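Taking it in order: structure first as structure tokens, then the write-up.
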Amino acid sequence: MRLGTRRSPLAMAQAEETRARLCAAHGWDVGAVELVPVIASGDRIQDRPLAEIGGKALWTRELDIWLNEGRIDAAVHSMKDVETIRPDALAIGAILPRADKADVLLGAASIAAIPTGARVGTSAPRRAAQLLHARPDLQVVGIRGNVATRMAKLEAGEADATFLAAAGLMRLGEDNTGTRLDPQEWLPAPAQAAIGVECRTSDERTRELLSAIDHEQSRQEVLAERALLEGLGGTCHSPIAVLTTQEGERLHMRAAIYSPDGSIRVESEARFEPGDTDEAIALAGDMLREAPREVSVNFGQMG
């Protein structure tokens, strides 16, 4: 099997995990799965926010082309970077067991401990809005790049603090870096910490092989959060935070949407059966109806 992946260290680590799970599930030698790295547009362009240059498609475009051309059999993605609406020709063959959904703060022991007026580096609308909601005195500065690049920019003084995903740090062996933010208090991004594997919808053999590494609970959480995104019409400009947890046989979803400056926050929650994505879409509709224009204007175009 040929697995396509972006070339960044984190993407390669995710592809390695996918290969290891496939080989373990099927009793294959490691050579049975070839990793095929591609350079994504999002990795080439580092000096501007994603929302200004094409959004999440910059992470998937090249891999989609290679899949459609048959140059790879499947593609490994961070699901939080995958557009809400995907081509019918592609299918999510597997969602791996989800890792820690939390964000990690670098440069301070807590959000409250960040010095007054400090510069906090992030290009994520969710992180910026949540931060300014909690600490309107802080200054948000744009900062992009892979984990090592952002850590280096922090070290170089381009910002006083920044955020990284706990799952990414764990997958890179950097578990002891920074301060973990409790996801119950600092809600994560939709599908954060989830690795997804896509293949051609028509490729029944690959779909069957991938099904062996699909983690049902993680799939249900991710599909519910993507349904919320669909209902909100969220784009790369939309500050959306959500935490989905298992409560017995049901899912508990807590979601919040913000004005970009963080001054307005609309939060709601729902409990529903796994697979009932209509409830997540309905929750989105309820939130948009409650939201003032300063919030709702940032939603309505899916991406």
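The values are calculated or read from the model by the stated rules, or taken from the named source; none is laboratory data. Everything numeric here is computed off the predicted structure, so don't read it as measured data. Note that we place each Cβ from the backbone using ideal geometry, even for glycine, and neighbour counts take in every protein chain shown.
When residue 148 is evaluated against the numbered criteria (1) among the aliphatic types (A, V, I, L, M); (2) modelled with pLDDT under 95; (3) closer than 20 Å to residue 118 by Cα, which criterion, by number, is the only one it fails?
(3)
Condition first: over 24 Å from residue 238 (Cα atoms), touching a residue at least 24 places away in the same chain (Cβ under 8 Å) and in contact with a helix residue (DSSP H, G or I) (Cβ under 9 Å, 6 or more places away or on another chain). Now tell me which residues in region 100-142 satisfy that.
Passing the criteria: 107, 114.
Six or more apart or on different chains, Cβ under 9 Å: which pairs go from a residue in region 273-300 that's closer than 23 Å to residue 216 by Cβ to one that's polar (S, T, N, Q)? Could you list them?
Going by the 9 Å Cβ cut-off, the qualifying pairs are 274/217; 274/220; 274/246; 275/220; 280/244; 283/268.
In region 1-42, what count of residues is obtained for those that are in a strand (DSSP E or B) and under 18 Å from residue 194 (Cβ atoms)?
Step one: of region 1-42, the residues in a strand (DSSP E or B) are 2-6, 34-38.
Then keep just the ones that are under 18 Å from residue 194 (Cβ atoms); that gives 3-6.
Of the residues in region 1-42, 4 are in a strand (DSSP E or B) and under 18 Å from residue 194 (Cβ atoms).
Considering only region 62-136, give the strands (runs of 3 or more DSSP E) lying wholly within it that have at least 1 residues that are more than 15 Å from the chain's Cα centre (by Cα), more than 26 Å from residue 221 (Cβ to Cβ) and β-branched (Val, Ile, Thr).
Working: elements: 74-78, 90-95, 103-106, 119-121.
Where strands (runs of 3 or more DSSP E) fall fully within region 62-136 and carry at least 1 residues being more than 15 Å from the chain's Cα centre (by Cα), more than 26 Å from residue 221 (Cβ to Cβ) and β-branched (Val, Ile, Thr), they are 119-121.
Being among the hydrophobic types (A, V, I, L, M, F, W, C), outside any loop (DSSP other than H, G, I, E, B), touching a residue at least 40 places away in the same chain (Cβ under 8 Å) and not assigned by TED's automatic domain parsing to the domain that holds residue 24: is that true of residue 241 here? Before you say what the answer is, go through the steps one by one.
Numbers: among the hydrophobic types (A, V, I, L, M, F, W, C): yes; outside any loop (DSSP other than H, G, I, E, B): yes; touching a residue at least 40 places away in the same chain (Cβ under 8 Å): yes; not assigned by TED's automatic domain parsing to the domain that holds residue 24: yes.
Yes.
Kindly evaluate residue 167 against the criterion of being of a type outside the set (Phe, Trp, Tyr), modelled with pLDDT of 95 or more, buried (at least 17 other Cβ atoms within 10 Å of the Cβ) and not in a helix (DSSP H, G or I). Working first, answer last.
Working: of a type outside the set (Phe, Trp, Tyr): yes; modelled with pLDDT of 95 or more: yes; buried (at least 17 other Cβ atoms within 10 Å of the Cβ): yes; not in a helix (DSSP H, G or I): no.
Taking the combined requirement at face value, the residue does not satisfy it.
Being surrounded by 17 or more Cβ atoms within 10 Å (Cβ to Cβ), charged (D, E, K, R) and either at pLDDT 95 or above or not in a helix (DSSP H, G or I) (or both) is the requirement here; does residue 279 meet it? If you could, list the steps in order and put the result at the bottom.
Details: surrounded by 17 or more Cβ atoms within 10 Å (Cβ to Cβ): yes; charged (D, E, K, R): yes; either at pLDDT 95 or above or not in a helix (DSSP H, G or I) (or both): yes.
When the stated conditions are applied, residue 279 passes them.
Among 208, 185, which is part of a loop (DSSP other than H, G, I, E, B), free of Cβ contacts under 8 Å to residues at least 24 places away in the same chain and surrounded by fewer than 19 Cβ atoms within 10 Å (Cβ to Cβ)?
185
Please work out if residue 226 is of a type in the set (D, E, K, R), touching a residue at least 12 places away in the same chain (Cβ under 8 Å) and in a strand (DSSP E or B). Step through it out loud before you land on a result.
Working: of a type in the set (D, E, K, R): yes; touching a residue at least 12 places away in the same chain (Cβ under 8 Å): yes; in a strand (DSSP E or B): no.
For residue 226, the condition - of a type in the set (D, E, K, R), touching a residue at least 12 places away in the same chain (Cβ under 8 Å) and in a strand (DSSP E or B) - is not met.
For (1) at pLDDT 95 or above; (2) farther than 26 Å from residue 267 by Cα, each residue gets a yes or a no:
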| site | (1), (2) |
| --- | --- |
| 82 | no, no |
| 94 | yes, yes |
| 105 | yes, no |
| 129 | yes, no |
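Tell me which residues, restricted to region 146-158, are in contact with a Ser or Thr (Cβ under 9 Å, 6 or more places away or on another chain) and in a loop (DSSP other than H, G, I, E, B).
Answer for region 146-158, where residues must be in contact with a Ser or Thr (Cβ under 9 Å, 6 or more places away or on another chain) and in a loop (DSSP other than H, G, I, E, B): just 146.
Being closer than 16 Å to residue 234 by Cβ, among the hydrophobic types (A, V, I, L, M, F, W, C) and modelled with pLDDT under 95 is the requirement here; does residue 302 meet it? Before the answer, list the steps.
Numbers: closer than 16 Å to residue 234 by Cβ: yes; among the hydrophobic types (A, V, I, L, M, F, W, C): yes; modelled with pLDDT under 95: yes.
Yes: the conditions hold for residue 302.
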